[in-house]
1. For the range 58-84, which positions are open to solvent by 30 Å² or more (accessible area, probe 1.4 Å) and out of contact with any Pro (no Cβ under 9 Å at 6 or more places or on another chain)?
2. May I ask you to list the residues in the range 145-196 that are open to solvent by less than 30 Å² (accessible area, probe 1.4 Å) and of a type in the set (S, T, N, Q)?
3. Looking only at the range 369-383, count every residue that is more than 14 Å from S141 (Cα to Cα) and open to solvent by 40 Å² or more (accessible area, probe 1.4 Å) and tell me the total.
4. Output the qualifying pairs, or none if there are none: Cβ atoms under 6 angstrom, residues six or more apart or on different chains, first residue in the range 63-75 and free of Cβ contacts under 8 Å to residues at least 60 places away in the same chain, second residue among the polar types (S, T, N, Q) and surrounded by 15 or more Cβ atoms within 10 Å (Cβ to Cβ).
5. Which pairs turn up if I take residues in the range 179-197 that are farther than 18 Å from F165 by Cβ and look for partners that are open to solvent by 60 Å² or more (accessible area, probe 1.4 Å) with beta carbon separation below 8 Å, at least 6 apart in sequence or on another chain?
6. Got at least one residue in the range 432-449 being in a helix (DSSP H, G or I), more than 30 Å from N255 (Cα to Cα), over 30 Å from the mean Cα position of the chain (by Cα) and modelled with pLDDT under 90?
7. Quickly run through the range 399-426 and pick out the residues that are among the small types (G, A, S), open to solvent by less than 40 Å² (accessible area, probe 1.4 Å), under 30 Å from F382 (Cα atoms) and assigned to a helix (DSSP H, G or I).
8. Can you list the helices (runs of 4 or more DSSP H) found entirely within the range 215-306 that contain at least 2 residues being open to solvent by less than 50 Å² (accessible area, probe 1.4 Å) and of a type in the set (A, V, I, L, M)?
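The values are calculated or read from the model by the stated rules, or taken from the named source; none is laboratory data. What you see is a predicted model, and the numbers here were worked out from it, not measured in a lab. Here the Cβ is made from the backbone with ideal geometry for all residues, glycine too, and neighbour counts use every protein chain on show. Each accessible area value is taken on the protein alone, full model and side chains, heavy atoms only, with ligands, DNA and RNA left out. Shrake-Rupley method; radii C 1.70, N 1.55, O 1.52, S 1.80 Å.
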Amino acid sequence: MTSDGRRNGNHTSARETALTGVAVLDRRLPLAEGAKSLLRKAFPDHWSFLLGELALYSLVVLVLTGTWLTLFFQPGTKQTPYHGSYAPLDGLPVSAAYDSTLHISFEVRGGLLIRQMHHWSALVFVAAIGVHLLRNFFTGSFRRPREINWMIGATLFLLAMLEGFCGYSLPDDLLSGTGLRTANTIVMSIPVAGTYLALLLWGGSYPGTLLNSRLYILHVLFLPGVLIALVTVHLVLVVYHKHTQWSGPGRTNRNVVGQPMFPQFIAKTGGLFLLVTGVLAVLGALVQINPVWEYGPFRADQVSTDAQPDWYVGFLEGALRLMPPWESAVGGHTVMWNVLLPALVLPGLLSAVLVGYPVFERWVTGDRGEHHLCDRPRDRPFRTGLGVAAIVWYAVLLAAGGNDVSAYAFHLSVNALTWIFRVAVFAGPVIAFVVTRRLCLALQTHEHKALTEGVPTGDVEQTVYGGMRPVHVPADPVRRYRFVVRDLPRPAPPPDDGAPYRARLRSALSRWYYTRRVELPATAEERRRADEALADPERRQR
């Protein structure tokens, strides 16, 4: 038999084996049916829908690099003299965790690259989740039937912050030790139980001997498992509920217009994965991050200035620095309000608001229908204003977390800068809310003008009386459709005089949310098409 004949025979045998294996699996699992529906799933063709993939692929790089680092890292706080390749620390007592971090950075081939890729991917992962949540918030993608998926995403964001803090604290350098000192103070600020809880977590008085090993278990086993499980559930719900989409001709609450998963979306998302991996590799190779050898090993009696945590927990640092030194004695116990309020009460309230916002807005609107079309932020001035106010509030606290660095760099007084931030943390969000709301209403007014007067062409014409006026042309049908198709609930009517407080509060909130709007003119045909696009899928099925 010739070589070509043998090659063809091998190909035929491999094809038959593959077909037999697929048939065996398909008889026992819904393989063909599931693959067919999944591969033809439509994905909206818009860049904002790739933010979730950005977070997913950062997590993939995190898991891969973290798995590699686990092979070399040794947790523990047992002190031994350092005799590694970094000469400035030779002979100094260091912990096992710090020694292994230096070993990975300087003695393992490619260790510093992988370690820095791991840290950069952690920052990108948390940032991508945050931006993805903001996109869903501003476009109303958290509404029914996606409330649970929003809550899962918010939980992922909070767990990612905790996972990042655990990993940031593992090297046992002076910077991470300063962060753990702050964490110990936060735990001890819990009334009555704080002291006992700190002793339990740290295994004794600070700095203790057990927390480093416990953080290692959390960081490499428990939290990654929970994150991967929640990401899996999140993706399954995305496939089940289908994607939201921007309004446009042919796009309704009952369909998804876009490209199929195979081959278009797979090619696009595969390219994004390679791009994310490449960018993280370049950052890990060229941009230094967390140089623990410069900070030195942790010493309980030492602390350095210019010590700030990673950006995602920087707002807690800022809140602690801005809080006045308030303490009080209650029942023989000292209540540290200056730590308890900014570091425990505030994050708890923020987490509750973040997770429960879909339920709150649904209660305000009384809306029980399904929504698969994205809101434009300008059409929801109140919600958009709240989102921008929250971003400004977070930015002020983040900047306050580095008030000492800013004061040193700009030759300012730390006390004066602290008072500026204290005023800004209250005034900044209010100003941002008012300005954002006015901008949204101004954009609606601009669209009203475009629908009534047309779109300016940039040309001018002379009237028969000698005057000059700009030339307008009617807005194109696609723009008119996008302007008109918007799902805006009507504000609740004023309650009766004897209405309960709950109903009065709901009515007031509803009016705050939806009273300020600009009604856009539309023809009867445009109204009919808008009502058809916004119709509830369940009602249409009935």
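1. V60, L64, T67, W68, T70, L71, F72, Q74, P75, K78, H83
2. Answer for the range 145-196, where residues must be open to solvent by less than 30 Å² (accessible area, probe 1.4 Å) and of a type in the set (S, T, N, Q): N149, S169, S176, T178, N184, S189.
3. 1
4. Q74/S100
5. That search, which allows pairs on different chains as well, returns P191/V330; P191/H333; V192/H333; G194/M188; T195/M188.
6. No, every residue in the range 432-449 fails to be in a helix (DSSP H, G or I), more than 30 Å from N255 (Cα to Cα), over 30 Å from the mean Cα position of the chain (by Cα) and modelled with pLDDT under 90.
7. Listed by number, the residues that qualify are A400, A424.
8. Where helices (runs of 4 or more DSSP H) fall fully within the range 215-306 and carry at least 2 residues being open to solvent by less than 50 Å² (accessible area, probe 1.4 Å) and of a type in the set (A, V, I, L, M), they are 223-241, 266-286.
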